[in-house]
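Read through the structure below, which is laid out as C-alpha cells, and then see the notes.
Derivation of every value follows stated rules applied to the coordinates shown; laboratory data play no part. What you see is a predicted model; the values in this text were computed from it and never measured. Methodologically, a virtual Cβ is constructed for each residue, glycine included, from the backbone with ideal geometry; neighbour enumeration extends over all protein chains shown.
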Amino acid sequence: MNQRLQAPLSQLHESDAFARRHIGPSTPDEAHMLRAMGLASRQALIEAVVPGNIVRQTPMDLPPAATEQDALQELKTIASRNRVFKSFIGQGYYGTHTPGVIQRNILENPAWYTAYTPYQAEISQGRLEALLNFQTLVCDLTAMPVANASMLDEATAAAEAMALARRSAGARSDVFVVHPDVHPQTLEVLRTRAEPMGWCVATPSDHATFLTALAQPHFGALVQYPSSTGAIYDWREAAAQSHAHQALLIAATDLLALTLLPPPGEWGADIVVGNSQRLGMPMGAGGPHAAFMACQDSLKRSLPGRLVGVSIDAQGAPALRLALQTREQHIRREKATSNICTAQVLPAVMASMYAVYHGPNGLRDIAQRIAQLTAALAQGLENLGFALRHSTAFDTVTVHAPDSALNIATRALLAGVNLRKVSESELGISLDETSTTADVALLLRLFGAEQPPVIDAATPPRIPAGLQRRSHFLTHPVFHSHHSETAMLRYIRSLSDKDLALDRCMIPLGSCTMKLNATSEMIPITWPEFAHIHPFAPADQQQGYAQLDQQLRDWLCTITGYADVSLQPNAGSQGEYAGLLAIRAWHASRGQAQRTICLIPSSAHGTNPASAQMCGMQVVVVACDAQGNIDMADLQAKCKAHSDKLACIMITYPSTHGVFEDAVRPLCELVHQHGGRVYVDGANMNALVGLAAPGAFGGDVSHLNLHKTFCIPHGGGGPGVGPVCVAQDLVPFLPGHAAAGKPAVVGAVSAAPYGNAAVLPISWMYIRMMGASGLRHATETAILNANYIRVRLQDAYPTLYAGPGGFVAHECILDLRPLKESSGITAEDVAKRLIDYGFHAPTLSFPVPGTLMVEPTESEPLEELDRFIDAMLAIRTEIQRIQDGDWPREDNPLKNAPHTAAQLLQDAWSHPYSRTEAAGHKQLAAKYWPPVARIDNVHGDRNLVCTCPPIEAYLS
Ligand SMILES: *Cc1c(COP(=O)(O)O)cnc(C)c1O
C-alpha cells in the first residue's frame with residue numbers, strides 16, 4: 001500500500017490539504033524520483049537548478065493556505081458584495097439564458113474545459129467540429145464567405161479588422177473613419193491600437209458628417225449595425241463610398257439582430273466583427289466571450305486568429321484541422337500581422353451549441369420577441385410624451401429626458417434596474433432574451449406611467465420595411481437535428497468523446513503548463529453574483545469584483561516582485577502588448593520617443609516579435625549560443641549599436657529552452673545601462689513562483705498567463721487572462737479604461753475594464769488554497785517532474801539543452817533530429833504515435849524544429865509520468881526496429897500513426913507489423929481510439945472549406 005495512505009490523519013496538516021491534492025507525487029514518490037537522479041532531497045535539486053543569485057530570500061507574503069471549503073466560503077463573501085441588478089445597459093452586453101444542457105455539459109465539463117488548442121487535430125475532432133459550427137454560424141448570419149474560430153472581444157476584433165483593412169486596402173491613406181455611434185469601448189481600443197502605428201482615427205460628430213468624411217481619402221471605416229444607441233441604418237451608400245476610395249468597410253454587428261436584418265455580406269461590408277456573448281454566455285462583468293471576425297474571400301489569407309478547415313485523413317475520410325495561418329506568429333514572427341495565440345474557444349463552442357440547440361427558427365423567435373417588446377417599450381415611452389433619438393430599433397431605444405434623466409436613472413437604481421446614461425439628457429434601454437412584459441411595464445413606470453401599462457407583446461418591430469432579412473441561414477442539418485435535450489446531450493457527449501483532454505491523460509505541452517484545473521477552483525465561475533454582472537454596471541454593484549481584482553493583483557505583485565498589475569489583457573499576447581505600450585509611453589514621457597528598438601532572442605515565442613511590431617517597434621534579433629543561452633557578446637554588440645534607440649529587450653525566463661540562464665542579472669544590467677527596459681515573458685512562471693521573482697532580479701515588466709501557471713483551464717484554446725505586471729516607475733502607464741471611468745495615459749487594451757473577469761475566481765481560489773508554501777512546493781515539484789522525465793529518457797532521447805549539472809527547469813526538449821537521419825522518423829511521427837499509446841503529444845518543433853518539448857507540471861502523479869516514459873521508451877524500441885531494417889522506413893507503426901479502430905478491424909491487413917503492435921496501448925479496454933487517421937494538411941489548404949460541408953461529404 002502507498003505509504004501516504006497509511007499516514008495517520010493527525011499527521012496531515014490541514015493547511016496543505018489542497019496542495020496535497022493539487023501536487024501529483026506523494027512524499028515516497030518524490031524520494032523515489034530523487035533517487036533516480038542521484039539526489040538526496042528536493043532542496044538539493046532546487047539548489048542545483050536555480051541560480052543562487054536570483055533565489056528569493058524571504059517567503060512570499062500571502063495569506064496561509066485555506067481548505068477548499070474555507071476558500072469557497074471566503075470567496076462567497078466577496079461575491080456577495082456584487083449586487084445583481086437587471087441591466088438594460090446594452091452597449092454590447094446582454095442578459096441571456098444559458099441552456100442548462102450547455103452549462104452543465106460544456107462550461108462545467110472538464111472534457112471540454114481542460115482541452116488544449118487543437119494543434120494535434122487527430123485528438124481534437126470534437127472541438128474542431130464545434131468550432132466549424134461556430135464559423136458556419138457566423139458566416140451564415142453575416143452572409144460572409146469566411147469566419148475565424150473566435151477573437152478575444154469585440155473591441156480588439158474591430159482593432160484587428162482596422163489593421164487588416166490597412167494592409168489590404170488599395171487606398172494609400174492613414175485615415176480610419178469611425179461612425180460616432182459605435183460602442184465607446186470599441187472606439188477607445190481602436191485609438192490605443194492606432195496610435196503607435198501612426199494611423200489617424202477620425203470620429204465625425206454625427207451621422208451626416210460621417211457620410212461626408214467617407215468622401216475623403218481613408219483606408220477603412222467602421223460602422224455599428226444596429227448602432228450603439230439603437231438605430232438601424234442602411235449602410236449600402238457608406239459601403240459604396242468607401243469602395244470608391246479603395247477603402248474597406250467594417251461592420252460591427254450583433255448576431256441575434258442579423259436573424260431579422262439584412263446581413264452585412266448582402267450590403268457591401270468587407271469585414272464583419274462582433275461578440276457572440278448573447279448566444280448563451282453570461283455577461284460575467286465583461287468576459288470571457290467569443291468575439292468573431294468574418295471577411296470577404298479575397299482577405300482570407302490575411303485573416304487574424306485561427307481558422308478551422310475541412311481536409312481528409314490518410315484513409316481519405318473527411319477530417320478537420322486548423323487551416324492556413326494556424327501559427328502565424330510562429331512562422332512569420334516580426335512580420336506577423338497579429339499576435340493572437342490563446343483566443344476564446346470555450347465560449348465559441350458554447351455559442352455554437354446555443355445555435356445548434358435553438359436552430360434558425362428558435363434564434364429568429366428570440367430576436368422577434370425582443371424586437372416586439374422593444375417596439376412596445378418605444379410606443380409606451382412615446383405615449384408618455386418622451387422623444388426617442390431614433391425612429392428605428394431592434395432591441396435598444398435612446399430616450400430624450402432633458403429634465404428628468406438623472407431622476408429616472410436614480411429611481412431605476414432604487415428599483416434594482418440599470419439604464420445606460422448616454423448623455424446628460426439621454427437614457428438608453430436595451431432589452432434581451434431574458435426581458436419580459438413585466439420588465440417593460442416596470443421600465444414604463446420608472447418613466448412616469450401611473451397606470452400599470454398594458455403591453456402588447458405583438459407590437460410590430462421598428463425595423464424599416466426595406467431592412468428585413470430575406471435570406472436563409474443555418475440550413476446545415478446540424479442546426480436542425482439536436483433540438484430535444486436528449487439529442488443535444490448526446491451530440492455534446494459524442495463530440496467530447498472524440499477528444500483527449502486532461503480528464504483522460506497528461507498533456508505534457510512545453511510552454512503551455514497544462515496543470516490541474518481543480519473543481520473547487522471552477523465552481524465559483526457560475527455563481528450568479530459573478531456571472532450576471534454587466535461590465536458597465538455602476539461601481540457600487542461591482543464591489544465584489546473590485547475586491548477580487550485588488551486581492552489578486554496584490555498577490556501577483558508579491559509573487560512576481562512587481563509594483564502593480566493590470567488584469568485587463570485577455571491573453572498573454574495582450575499582456576505583452578500592454579507591457580510594451582507601457583515601456584513605449586514611459587520613454588515618450590521622458591522625451592525619448594526615438595527609443596523604438598526591441599531586442600528579442602532567436603529562441604523567443606512568436607507572439608513577442610508580433611507584439612513589438614504592433615507597438616511600432618523594430619525587432620532586432622539576438623543570437624543564442626551553442627548551449628541555447630542568449631549570446632552575451634552578441635547582446636553587448638547590439639546594445640552598443642542601438643544604444644540611443646534601445647527601447648527594451650524581451651526575454652523569457654527560464655528560457656523557452658527550459659533552462660535557468662545564469663547570466664540573467666548581468667543581462668538586465670547591461671540593457672539598463674543602455675537606457676532600455678527589460679520585459680520578462682512570464683509564460684514560464686510555473687518554474688519561478690516561490691523561488692524567484694522577475695521584478696526582483698532585473699525585470700521591469702512581465703505578463704503572466706493565468707491560464708498556464710494559475711490554473712485557468714485552456715478551454716481548448718481560451719479563454720485566458722494575461723495580467724501585465726510593472727515596476728514602480730511604469731505604474732502610471734498601465735492601461736486605463738475611460739469607458740469605465742478610469743482614463744489613463746495608455747488607453748484600454750480590452751473591451752471590458754477587468755478583461756475576462758468571470759474566470760478570475762479560478763486563480764484566486766488556487767492561490768488562496770495553496771498559500772506561499774504550497775505554491776513553492778508546486779514549483780519545486782514541477783522542476784522535479786521534468787528532471788525525472790529527462791533522466792529516465794536520456795538514453796533513448798537526449799535532452800537538447802540543460803543547465804550546469806545537466807539539469808533542466810520545468811520542461812525539457814527531447815532532440816529527435818539524430819533519429820530522423822538514421823530512421824526517417826520525425827518528431828511529428830512520434831507525436832502521432834503517442835496518440836496510439838493514449839497521450840497528447842508534447843509541444844512539437846517549438847522552439848527548436850525537429851524536437852519535442854515536454855512539460856509535465858507538478859500535478860501529474862508518478863504513475864502517469866511512468867506511463868508516459870514507458871510509452872516513449874516503447875516508441876524508441878519501435879524506432880530501433882526501423883533502424884535495424886525490421887520494418888521499412890515508409891511502412892511502420894510510426895509513419896502510419898495514429899491508427900483508428902476501423903483500420904484495425906478491417907479484414908485485410910497488409911502492413912509488416914501486427915494489429916496488436918499497431919494498437920500501441922496494451923490495455924485495449926482502456927484505450928483511446930482516435931476517430932481519424934493522420935490528417936493531410938496540404939490537401940485542406942489547397943481546397944479551403946471553412947464552414948460545415950454539405951452532409952454528403954460525411955456520408956461518402
Ligand atoms: C503561451 C505563450 C505566450 C502567449 O500567450 P497567450 O496567452 O497564448 O497569448 C507567449 N510567450 C510564451 C513563451 C508562451 O509560452
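Pulled fully out, how much extra length does the chain show between R493 and D297, if you take 0.36 nm times their separation in residues and subtract their Cα-Cα distance?
67.2 nm is the gain from fully extending R493 to D297.
With Cβ to Cβ distances under 12 Å as the rule, what net charge do the other residues near P761 carry (K, R +1; D, E -1)?
It works out to a net charge of -2.
Mind giving me the nanometre distance, one decimal, between the label points for K335 and V731, set 7 Å out from Cα along Cα→Cβ?
Inter-label distance under the simple model: 4.3 nm.
Tell me, what is the percent relative contact order of the chain, built from C-alpha pairs under 8 Å that lie six or more residues apart?
It comes to 19 percent, rounded to a whole number.
Whole number please: convex hull volume per residue, Cα atoms of the stretch 649-790, in Å³.
134
What full-extension length gain, to one decimal in nm, is calculated for S910 and Q315 as 0.36 nm per residue of separation minus the Cα-Cα distance?
In short, 212.8 nm is gained.
Could you order the peptides 688-694, 807-813, 930-936 from most to least packed, using the average number of other C-beta atoms within 10 Å per residue?
Highest to lowest by the protection proxy: 807-813, 688-694, 930-936.
Please compute one quarter of the surface area of the Cα convex hull for the stretch 107-169 and express it in square nanometres.
Mean orientational projected area (the stretch 107-169, Cα hull): 5.8 nm².
Given the Cα-Cα distance of K640 and H672 and 0.36 nm per residue of separation, how much length would full extension add, in nm?
10.3 nm
Measure nothing but the geometry: give the 0 to 90° angle between the long axis through the Cα atoms of 405-414 and the longest principal axis through the Cα atoms of the chain, rounded to 10°.
Between helix and principal axis, roughly 50 degrees.
Compute the acute angle (0 to 90°) between the alpha-carbon long axis of helix 27-36 and the principal axis of greatest extent of the alpha-carbon atoms of the chain; round to the nearest 10°.
It works out to around 50 degrees.
For the residue pair A626 and M197, what label-to-label distance in nm results when each label sits 7 Å from Cα along the Cα-to-beta-carbon direction?
4.4
What residue among V175, G920, P217 has its Cα farthest toward the positive end of the dipole of the chain, where the charges are +1 on Lys, Arg and -1 on Asp, Glu, each on the Cβ?
Result: P217, furthest along the dipole toward the positive end.
Stokes-Einstein diffusion coefficient for the stretch 625-725 at 20 °C in a medium of 1.002 mPa s, Rh from the Kirkwood formula over Cα pairs: what value in µm²/s?
148
Starting from the Cα gyration tensor of the stretch 564-758, multiply each eigenvalue by 5, take the square root, and state the resulting semi-axes largest first in whole Å.
In descending order the semi-axes read 25, 21, 13 Å.
Compute the angle between helix 437-446 and the longest alpha-carbon principal axis of the chain, please, reported from 0 to 90 degrees and rounded to the nearest 10.
60
For the chain, what is Rg from Cα atoms divided by 2.2 N^0.38 Å, rounded to two decimals?
0.93
Which lysines, if any, have their Cα less than 17 Å from the Cα of K895, not counting same-chain residues under 8 positions apart?
K820, K832
On a straight-distance basis, which aspartates and glutamates could pair with K708 in a cross-link, Cα separation under 18 angstrom, same-chain partners fewer than 8 positions away excluded?
Output for K708: D503, E521, E576, D681, E780, E811, E855, E858, E860.
Sum up the charges of everything whose Cβ sits under 12 Å from the Cβ of H703, counting Lys and Arg as +1 and Asp and Glu as -1, but leave H703 out.
-1
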